[in-house]
Every structure is written in structure tokens, then in C-alpha cells.
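Let me begin by presenting the structure, written as C-alpha cells, before commenting on it.
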Amino acid sequence: MACVGGRVTWTGRTDEVSGAVTAAAPPVVFDAGGSVVTPCFVDSHTHALFHGTREIEFAMRAAGATYQQISAAGGGIASTVQSTRAASPDLIRSNLERHLRAMLRCGTGTVEVKSGYGLDLETEIRCLAILADCASRCRQTLVPTFLGPHAVPAGFPGGAGAYIDFVISDVLPEVARKGLAVFVDIFCEEGAFDLEQSRRFLTAAAALGMGTRIHSDEFTDSGSAALAAELGAASADHLLAAGPSEISALAAGNTVATLLPGTAFNLGLPFPDARRLLDSGAAVALATDFNPGSCYCESMPFIVSTAVCRCGMTVEEALVAATANGAAALGLGDRKGSLQPGADADFTVWALDDYRGIPYHLVLPDIRFVFLSAEAESEPGTGASGVGDG
Ligand code: NIG
Ligand code: FE
């Protein structure tokens, strides 16, 4: 593979590289020594912008409570909202940076990050501004999403409908004016926001030039995957409870079906049926859903293993879903998630001589180096020099 200016310019046989590369200065050569090289993972769904972890709820679930029961009792998203509102910007920033480093060690080069733990004008803007600042300094590519309608804030007068009105009239225009988000997202679910509210919010965001995505059918079939397809949303995410008409709508449209099997793993729910979606012709992406409540997991390799072992995906389908299709879900298909000429040279060098070893080795990623824009990152990697046990 040849790279110039941080982009891939050529891939092919080693004995043909010299003919393909014309460099003014002598090239820097890195010999991967027969190791597997893949595009970096694209994690197209995370909630990494918050303060306040919820291990207490994790233990409550282990003792029998459900995610919805905990939320209804004042825990859940509301509890992280409380601690995020009270946290200093430095704390939120250092949390985000720590999680991004963990993602990098797992081979993730591009990360979508959602707001949604502020739920008021001031905190949503503060969090998105922290994200913009991190994005300008961090070597991973960050894609900001405004998730103002993540939950109805406790005690908001008038409930969900009035909160959506407030988000549309007061928060969304400010986010757009400051250029703080590329996408918007909404949690369309019983106890959160309904189909009509979702349509209103997403239509308003699209009119301001923002891309759209939906937390869709996580616990109940809301019809929101069909809405996502109708509105041409970039993705419909979760889909644990998606019924046949939701799947047909995704298969017929251009909306990427993003599966988050780590959430099903963590909440003890049935795994998403990727096979059904793939066989119907939908484009499937995989992401972590990294968040403090339903999936405290930064690891794309774990997600890929889970998708292969539990969601009916082949190794190849899962790797494509975690790279190229994640990039497509973020509108970055021409730059990320592949090593085609023209793409950013974000790639992982594995201590493996067979790519099937990526999901095969559970939990511990066999990563030697992560390159972003053709430069090696210092932190990742085991320092291992071999290429596996085989
Ligand atoms: O995608 N479903 C809504 N949002 C997250 C959970 C957020 C939380 O519990 O803090 C999700 O699962
Ligand atoms: Fe989510």
C-alpha cells in the first residue's frame, strides 16, 4: 500500500510498488511482515460525552431489575444528566479523551459522538463545544451528533411534546448556527418520544441542513425505521424489536441498519437478527453504542466477535459492517472504512496472519499498530512482533 499526504494512493503486490509510487523524497517504508492490515474501525454510534457512570444500575439489573424499570424510578439517562450538568468542562473533556484512547487501542479511527446528557440549552451546547474542541485536536476523526431528544428532562412542563417544541425552537437553531453537529438523533421509544415528535424534530433538523438518524425499535416496534427510510435518514439504529415491515422499509431505502449487539449483550436481551436484515437486502453497520447505561464498552473487536457468534453474521459481513458500512452510515464512505485509493490512510496492523483471527480471538484485540492519516499512533499495540500462534 502506498500513501501520500495521509491518503491511500495505491494497493497491490509488493513487487509492483516501486512502479506505482513516484515520490520526490525517499519514501518512509513500513514492513508489516505478513501481518493482516485492515481499515480502522468506524464506530458510528456512541454516547461518549458525559459524566457519571452507572455501575449501581448494572448491579441492579444483575439482581433482576430491567433497564426500563430503573429509568422509570429516576435512574437511567436522568441520573447521568444530573451529573453531566454538574460536571466541569475539564471533567467531561477528560472522560471523552480517555474513552477515545480506549477506542484507539481497539483499532477505531473514526467515532460518531452524540450529545444527549445535557437536555437543556446550556449543557447541550457546552458538551458539543467540548466535542468540537477535542475533534480539532484529536487524531481520530470525530463526527458530532446532536441528541437533544434523548429523554424528556425530569420535571419539564408539558412533557415530551413541549420538550420537542423547545428543542426545535431554542436548541436546534443554536446548534446549527454554531456548526456544532453534522447529524441529529432522537430516541423514538415508549417513554421517550413518539413517531409524530420524531418526524417533527427530524424534519426541522433536515431543513437546517443537518443529517438525521434515529434510535429505532430498541425495546418496542415504533415504526421509526420506516420513518427513517421515508425521510432518507443516514441510519436507523438498534432495531432489536424491528418487525417485518420495518425491515422491508430499510431494505427498500438507503438508510443503513446499524446494529449494536453490545447493548443486547449487556441488557440480557435477544440479539439483533442481522441475518434477517442482510437477507432482505438491507445495508448493516455495527457499532458499540458506548454509553454509561446500556453498554459501557468501547471495543469494536468485541462487537464484531458478538455479531459473528450471536447475530448470524459471517466474519466478512461483520468486518465490512464495522468499517465500510459504518463509514457509509456517517456519510464518509469515500474517505473512511476502506483502503481504496483516495481514502484516508487510517489502518490497523494486526498481530495476525489471517483476518478471521480478529473476531476469533475474544476480548483481546491482537493489534500491533494503528495508523491514522498514514502516521503510527504511539499508544496502541501490544508491541508483539510475531503474527499469531498459527
Ligand atoms: O442507545 N437508548 C437510549 N440511549 C442509550 C442509552 C443511554 C443511557 O442509558 O444512558 C442507548 O442504549
Ligand atoms: Fe444509543
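Structure data summary
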{"read-out": "Index of the failed condition, residue 155 passing every other in (1) in contact with a Pro (Cβ under 9 Å, 6 or more places away or on another chain); (2) at pLDDT below 95; (3) small (Gly, Ala, Ser)", "value": "(1)"}
{"read-out": "Considering residues of segment 303-331 that are in contact (Cβ under 8 Å) with a residue 60 or more places away in the chain and within 16 Å of ligand 1 (Cβ to nearest atom) only, the residue farthest from residue 232 (Cα to Cα)", "value": "326"}
{"read-out": "Verdict on residue 263 being away from ligand 1 (no atom under 15 Å from the Cβ), of a type in the set (Val, Ile, Thr), closer than 19 Å to residue 112 by Cα and more than 12 Å from the chain's Cα centre (by Cα)", "value": "no"}
{"read-out": "Members of segment 240-268 found to be farther than 13 Å from residue 217 by Cα, in a loop (DSSP other than H, G, I, E, B) and not β-branched (Val, Ile, Thr), listed by number", "value": "253, 254, 268"}
{"read-out": "Any hit, segment 340-358, residues being surrounded by fewer than 18 Cβ atoms within 10 Å (Cβ to Cβ), polar (S, T, N, Q) and within 30 Å of residue 12 (Cβ to Cβ)", "value": "yes"}
{"read-out": "Any hit, segment 179-189, residues being closer than 22 Å to residue 122 by Cα, within 13 Å of ligand 2 (Cβ to nearest atom) and in contact with a Lys or Arg (Cβ under 6 Å, 6 or more places away or on another chain)", "value": "yes"}
{"read-out": "Condition check for residue 96: assigned to a loop (DSSP other than H, G, I, E, B) and closer than 30 Å to residue 6 by Cβ", "value": "no"}
{"read-out": "Of the criteria (1) over 15 Å from the mean Cα position of the chain (by Cα); (2) within 27 Å of residue 236 (Cα to Cα); (3) of a type outside the set (Gly, Ala, Ser); (4) away from ligand 1 (no atom under 15 Å from the Cβ), which one residue 110 fails", "value": "(1)"}
{"read-out": "Qualifying residues in segment 235-255 (those that are within 16 Å of ligand 1 (Cβ to nearest atom) and not polar (S, T, N, Q)) - the one farthest from residue 331 (Cα to Cα)", "value": "241"}
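The values are calculated or read from the model by the stated rules, or taken from the named source; none is laboratory data. Quantities reported herein were computed from a predicted structural model and do not represent experimental measurements. Using ideal geometry, Cβ is built from the backbone for each residue, glycine included, and neighbour counts are taken over all protein chains shown.
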